[in-house]
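The block underneath contains the structure these notes are about, expressed in C-alpha cells.
The values are calculated or read from the model by the stated rules, or taken from the named source; none is laboratory data. Values in this document were obtained by computation on a predicted structure and should not be read as measured data. Positions of Cβ are generated from backbone atoms using ideal geometry, with glycine treated the same way; all protein chains shown enter the neighbour counts. Accessible surface areas use protein heavy atoms only, side chains included; no ligands, DNA or RNA. Shrake-Rupley method; radii C 1.70, N 1.55, O 1.52, S 1.80 Å.
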Amino acid sequence: MSINSFGHLFRVTTWGESHGPALGATVDGCPPNVPITPDMIQHWLEKRKPGQNKFTTQRREADEVRILSGTFEGVTTGTPIQLMIENTDQRSKDYGDIKEKFRPGHADITYFQKYGIRDYRGGGRSSARETASRVAAGGLAREAIKTIAPDVQITGYMVQMGPHQIDRAAFDWDQIEQNPFWVPDAKAAVDWAEYLDGLRKSGSSVGAIIEVTARNVPAGIGAPVYGKLDTDLAAAMMSINAVKGVEIGEGMSAAMLTGELNADEIFMGPNGPEYSSNHSGGILGGISTGQDIVVRFAVKPTSSILTTRKTITKSGEETEIITKGRHDPCVGIRAVPVGEAMMACVILDHLLLHRGQIGKNQGLIGSKK
C-alpha cells in the first residue's frame, strides 16, 4: 500500500519521523535535465523553517537538504531523487510526561488504535515535521515546472487568522514576504501580531485559512471524472497536517450564489478566451481554464496548548494533561510554504500527464481550421 506516496507521474514518497535521525522524500518521475542544486530547494525550506520569529515553534532546525541521488553535474537524470533533511534539535524529554497519555486533538489516540504502537516523541510520523519533506519535493517540482511552463507562479498567503480576515481591497502581492504571517495586507499583519502575541503568551493557539494561487497555468491540464485537477489539489491540501477543510474558487460560498452570479461569463480576447470573473477558481470539469487557480484550506488550532485538558491513558484511566514543549501558536504560518509545495507537485504532475496524453491542446478556439 503506497499510503506514504502521492502523485501519478511525478510521484513523491515521504519518510521519517519528528524525532528520528532524519526525514526526507524519494521523488520518482522527475524529467531529466532539470537544473537543480541543494540551494534551489533550500530557498523554499527557509520559508518553512521553525524558530525564525516568536510566532513559530522555537525548535531550532537548520532544515538543510541533501540530494543523495538522481542528479549529475547539476541536472536531474530522470532516475529517483532522494532528498534528506537531518533532525538536529530533537528534545524527546519534553514528551516524557505524556508517554502514557493521549493528547486531545492529536493523532496519538488513532495511531495507537490502528497500529498498537505510539511514538510519543512529538507525534512521530503524524507530526507536522513531516511537511519539511513535502517542501523539499515542492522545491524540486518548481524547478521542473520552469522547464515546461516557465510563466507559472505559485504563491501562498494567509487570508484569515482566527476570526480576523484580510481586507481584500487592500490586497498587495508585495506585502506577502514583508511580514511573519505571509499576509497580503499590511494593516492585518500589524493587527494579527498583537492578537497572536496575546494568545502565545497565554499558552493557547488559533487556526487559520491559507490561500494558494497558481498564476499563468495553461488551459487544458487536468482530466474528466477521476483525474480532475481540483480532485488532486483537494486531496493534496487535505493531506497536510491539521487541515480540516479545502475549497476551490468560490468554494462553500458558491452555495449562496444564484446561477447568474456564479457563472463566469466568457468573452473572446486578443489571445483567446477571457472571463468576467473567477468563481470557478480556474478549473471547470476538472480541467484548467487558463485563469488563476485558487485553492484555500483551513487549519485547526495547534492542539498542543498549556491549558489543562481532560484525557485518558493507554490503560483507559481518566486523567488530565498539559502539553509542554515547543509548539506553533498558529500552524497556519508555516503551512503557507507547505501549501505552495503541494500546489507545485500537483501542477507539475498534471503538466506531465497532459504532455503524455495530449501533447498540445487539441481545441483551438478562434481557429478557422
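Against the list (1) closer than 21 Å to VAL331 by Cβ; (2) modelled with pLDDT under 90; (3) open to solvent by 50 Å² or more (accessible area, probe 1.4 Å), the condition ASP94 fails is (3).
When the residues of the range 36-57 are filtered to those that are modelled with pLDDT of 85 or more and within 27 Å of LEU199 (Cβ to Cβ), which remaining residue is most open to solvent (accessible area, probe 1.4 Å)? It comes out as GLU46. Evaluated against (1) open to solvent by less than 10 Å² (accessible area, probe 1.4 Å); (2) at pLDDT 95 or above, GLN160 falls short on exactly one condition, (1).
Could you count how many residues in the range 167-188 are closer than 24 Å to LYS244 by Cα, open to solvent by less than 70 Å² (accessible area, probe 1.4 Å) and more than 20 Å from the chain's Cα centre (by Cα)? Steps first, answer last, please.
Here is the first cut: in the range 167-188, the residues closer than 24 Å to LYS244 by Cα are 167-168, 176, 180-184, 188.
This time we only want the ones that are open to solvent by less than 70 Å² (accessible area, probe 1.4 Å), so: 176, 180-184, 188.
If we keep only those that are more than 20 Å from the chain's Cα centre (by Cα) too, we end up with 188.
Count: 1.
In this structure, is VAL295 touching a Lys or Arg at 6+ places or on another chain (Cβ under 8 Å) and in contact (Cβ under 8 Å) with a residue 40 or more places away in the chain?
Working: touching a Lys or Arg at 6+ places or on another chain (Cβ under 8 Å): no; in contact (Cβ under 8 Å) with a residue 40 or more places away in the chain: yes.
No, not satisfied.
Among the residues of the range 192-207, those that are surrounded by 14 or more Cβ atoms within 10 Å (Cβ to Cβ) and assigned to a helix (DSSP H, G or I) comprise TRP192, ALA193, TYR195, LEU196, LEU199, ARG200. Listed by position, the strands (runs of 3 or more DSSP E) inside the range 232-306 whose residues that are touching a helix residue (DSSP H, G or I) at 6+ places or on another chain (Cβ under 9 Å) and surrounded by 15 or more Cβ atoms within 10 Å (Cβ to Cβ) number at least 1 are 243-248, 293-299. Name the single residue that is nearest to the chain's Cα centre (by Cα) among those in the range 69-89 being under 14 Å from ALA144 (Cα atoms) and open to solvent by less than 30 Å² (accessible area, probe 1.4 Å). Going through the qualifying residues, I end up with ILE81. Filtered by the rule that a residue be surrounded by fewer than 21 Cβ atoms within 10 Å (Cβ to Cβ) and in contact with an Asp or Glu (Cβ under 6 Å, 6 or more places away or on another chain), the range 18-35 gives a lone residue, ALA22.
Inspect all residues belonging to the range 310-318 and state whether any of them is surrounded by 21 or more Cβ atoms within 10 Å (Cβ to Cβ) and out of contact with any strand residue (DSSP E or B) (no Cβ under 8 Å at 6 or more places or on another chain). I'd like the intermediate steps shown before the answer.
Initial filter on the range 310-318 (surrounded by 21 or more Cβ atoms within 10 Å (Cβ to Cβ)): none.
No, because not a single residue in the range 310-318 is surrounded by 21 or more Cβ atoms within 10 Å (Cβ to Cβ) and out of contact with any strand residue (DSSP E or B) (no Cβ under 8 Å at 6 or more places or on another chain).
Quick check, is GLY339 open to solvent by 50 Å² or more (accessible area, probe 1.4 Å) and assigned to a helix (DSSP H, G or I)? Don't jump to the end; show me each part of the working.
On the way: open to solvent by 50 Å² or more (accessible area, probe 1.4 Å): no; assigned to a helix (DSSP H, G or I): yes.
No, not satisfied.
Is the range 110-132 home to any residue that is outside any loop (DSSP other than H, G, I, E, B), open to solvent by less than 10 Å² (accessible area, probe 1.4 Å) and in contact with a strand residue (DSSP E or B) (Cβ under 8 Å, 6 or more places away or on another chain)? Yes - at least one qualifying residue is present in the range 110-132.
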